[in-house]
1. Report whether or not ALA169 is hydrophobic (A, V, I, L, M, F, W, C) and buried (at least 21 other Cβ atoms within 10 Å of the Cβ).
2. If TRP132 meets every condition in (1) surrounded by 20 or more Cβ atoms within 10 Å (Cβ to Cβ); (2) in contact with a strand residue (DSSP E or B) (Cβ under 8 Å, 6 or more places away or on another chain); (3) within 19 Å of GLN204 (Cβ to Cβ) apart from one, which number is that one?
3. Here are some conditions: (1) more than 15 Å from VAL125 (Cβ to Cβ); (2) modelled with pLDDT of 90 or more. SER44 meets all but one. Which one does it not meet?
4. Would you confirm whether any residue within segment 170-192 is out of contact with any Pro (no Cβ under 7 Å at 6 or more places or on another chain) and closer than 16 Å to ARG13 by Cβ?
5. Give me the pairs, please: first residue somewhere in segment 115-135 and under 11 Å from LEU97 (Cβ atoms), second residue anywhere and outside any helix (DSSP H, G or I), beta-carbon distance under 8 Å, and either six or more positions apart or on two chains.
6. Here are the criteria: (1) β-branched (Val, Ile, Thr); (2) at pLDDT 90 or above; (3) in contact with a Leu (Cβ under 9 Å, 6 or more places away or on another chain). Tell me which single one VAL126 does not satisfy.
7. Does LEU175 satisfy the criteria of being surrounded by fewer than 18 Cβ atoms within 10 Å (Cβ to Cβ), out of contact with any Phe, Trp or Tyr (no Cβ under 7 Å at 6 or more places or on another chain) and closer than 18 Å to LEU80 by Cβ?
8. Taking the stated definitions as given, is ALA163 in contact with a helix residue (DSSP H, G or I) (Cβ under 8 Å, 6 or more places away or on another chain), surrounded by fewer than 21 Cβ atoms within 10 Å (Cβ to Cβ) and modelled with pLDDT under 85?
Amino acid sequence: MTSSNPEFPFWHRVHRGEPRWPVTIVVAIVIALQVTLPAEFNESYTGIICGVEAALLVVVNVLNPRRISSHDKGPRVASLALVVTMSLANFISVVRLINALLSGQLNDAHMLLKSGGSIWLTNVVVFALWYWEFDRGGPGARAQARDHIPDFMFPQMSDPGLAAPHWAASFFDYLYTSFTNSSAFSPTDVLPLTRWAKLLMMLQSSTSLVVVALVIARAVNILH
């Protein structure tokens, strides 16, 4: 179904899909950040988790190396497994960071800011992946115009004059949404419409607020 049907909005149309490589690069950077976290946040199983993430990333790229133009079961299952694994790894890091801050174990301001920043950035990417994977059924489903009910309303979707004729949301748009939500602790120009989108944004804002507040407070305390 394309935008030529008057029953659907102009942005609901079939398109060629988005390239895989931007997502691959960002995910690879996050895996590297997880591997290089200080010993305080690295358990014996951290290397195993990161190895699983790397293996899943390879599988996703082997199954669908170029453009995500269709809703294929194999690549999607592998991609969702990758996001779940990354989420679990970052959740463990967040819990360990909060525990270390509350117990006063971190006394190096430089290491604290570096570790907190790495975990915060990983959190941004992880939630961006969740938004990207589930908005209107995922990137493949959006390319095939399967679902005309959006989970996120981008400015370009509300006014055709704000976008190029063939505009379609890509991973960068969801990464931007995740970054602004983590920075402002609330939606900015992209609005969540469905309950799951609102719930995820609430969870992301809460996590980001706790991490940022505790890291800054501890860093200021150490420096003084």
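1. Values: hydrophobic (A, V, I, L, M, F, W, C): yes; buried (at least 21 other Cβ atoms within 10 Å of the Cβ): yes.
So ALA169 fits the description; yes.
2. Every listed condition holds for TRP132 apart from (2).
3. Result: SER44 passes all but (2).
4. yes
5. Final answer for the pair search is SER115/LEU37; SER115/PRO38; SER115/LEU106; SER118/THR36; SER118/LEU37; ILE119/LEU37.
6. Here VAL126 meets the rest and fails (3).
7. Working: surrounded by fewer than 18 Cβ atoms within 10 Å (Cβ to Cβ): no; out of contact with any Phe, Trp or Tyr (no Cβ under 7 Å at 6 or more places or on another chain): yes; closer than 18 Å to LEU80 by Cβ: yes.
No.
8. Values: in contact with a helix residue (DSSP H, G or I) (Cβ under 8 Å, 6 or more places away or on another chain): yes; surrounded by fewer than 21 Cβ atoms within 10 Å (Cβ to Cβ): yes; modelled with pLDDT under 85: yes.
Considered against the rule, which asks whether it is in contact with a helix residue (DSSP H, G or I) (Cβ under 8 Å, 6 or more places away or on another chain), surrounded by fewer than 21 Cβ atoms within 10 Å (Cβ to Cβ) and modelled with pLDDT under 85, ALA163 comes out as yes.
The values are calculated or read from the model by the stated rules, or taken from the named source; none is laboratory data. Because the structure is a prediction, the values reported are computed rather than measured. Note that we place each Cβ from the backbone using ideal geometry, even for glycine, and neighbour counts take in every protein chain shown.
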